[in-house]
1. Add -39500 (n - 2.57) for each DSSP H run of 4 or more in the chain, then divide by its residues: what number comes out at 222 nm, to the nearest 500 deg cm²/dmol?
2. At a 10 Å Cβ-Cβ cut-off, how would you order Ile194, Ile237, Ile131, fewest neighbours first?
3. Computed FRET efficiency, Cβ-Cβ of Glu19 and Asp50, R0 35 Å: what is it to the nearest 0.05?
4. On full extension of the chain, what length is gained from Asp189 through Asp209, given 0.36 nm per residue of separation minus the C-alpha to C-alpha distance?
5. Mind checking which aspartates and glutamates have their C-alpha under 17 Å from Lys86, skipping anything on the same chain fewer than 8 residues away?
6. Would you mind ranking Met229, Met244 so that the residue whose beta carbon has the fewest other beta carbons within 10 Å leads the list?
7. What are the ³J(HN,Hα) couplings of segment 89-98, residue after residue, when phi is run through the Karplus curve with 6.51, -1.76, 1.60 and θ = phi - 60°? Round to Hz, x for glycine and proline.
8. For segment 159-190 and segment 191-265, write down the distance between their C-alpha centroids in whole Å.
Amino acid sequence: MLLVTYRTPGGLALGVRTERGILDVSAAAGRFGRRDVPLHVDQALGMGLDALDPLADLVARAEEEADLFLPEDGLRLGPPVPRPGKILCVGLNYRAHAAEAHMAVPAYPVLFAKFQNAVAGPGDPVVLPSIAEQYDYEAELVVVIGRRARRVPAEAALDYVLGYCNGNDLSARELQMRTSQWLLGKSLDGFLPIGPYLVTRDEVPDPQDLRIRLWRNGEIRQDGHTRNMLFPVAELIAYISRYMTLEPGDIIATGTPEGVIMGLAEKDWLKPGDVVAVEIDGLGRLENRLVAGE
């Protein structure tokens, strides 16, 4: 399934993308008297993997009810995980990216955090404030946790995944490198656009078999593959859950391949008016315009 959120006057609504359009989950659950179906995205993410069967059954039952489906092009989609409990990011997880950043290949996953203020949705304008100039992009596969994970072995780790989405780990490089801690340059408002869909794990047989690309103003800048991760998704979940408990709705941004601006000889940093797009096989297209801010 492809789970979505979309903006309404009452807030973010939960939908499922189908060939007929976006299923209005709340309206469909009401029509069929389904109390086992999550009505809101926070409820669905909190249920995690337990939400999938009721949602799939609801989609099947609603198939002939045309009025329950909305045209996607008439909706403004929101982030599929609007309020993650934890946002864990992995730095230097591709050998070629570590090389272009002139940093050593890590022996262990390099972890840092973002916060909820950084989350943005597809199509949302992202503000580049005047407090920095060295703005950069990073296309990333984002993993969404589907059930409580504590000290899980790598061989079972993918069983704890709810799904995957595109992500863009935007960075203010001079703030990131100001100290040994990267947090400041990574956690500006809107600096983690994700989406457009949360693609459930059954639609992604192997997260290490995905092409990942990024365009700036229509020019391809990154073209990598998740098989080149130093620490694959399963190993990341196992490693992180050894030290902290992962909960449904937590997300992990798994690192970026080579091609970021920081690695270029001529550094043409991102500017207001730029449009940045990310595509990962099967996950749709995430596109955001950058705008000037104070």
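All of the numbers you see were taken from the coordinates with simple rules; none came from a lab. On a predicted model such as this, the values are computed, not experimentally measured, just so you know. Neighbour counts run over all protein chains shown; Cβ positions are idealised from the backbone, glycine included.
1. My calculation for the chain gives -4500 deg cm²/dmol from helical runs alone.
2. Ile131, Ile237, Ile194
3. Details: r = 25 Å, r/R0 = 0.73.
The computed FRET efficiency comes out at 0.85.
4. The span from Asp189 to Asp209 would gain 4.1 nm if fully extended.
5. Asp42, Glu140, Asp169, Asp189, Glu247, Asp250
6. Taking fewest neighbouring Cβ atoms as first place, the list is Met244, Met229.
7. 10, 10, x, 6, 8, 10, 4, 5, 5, 4
8. 12
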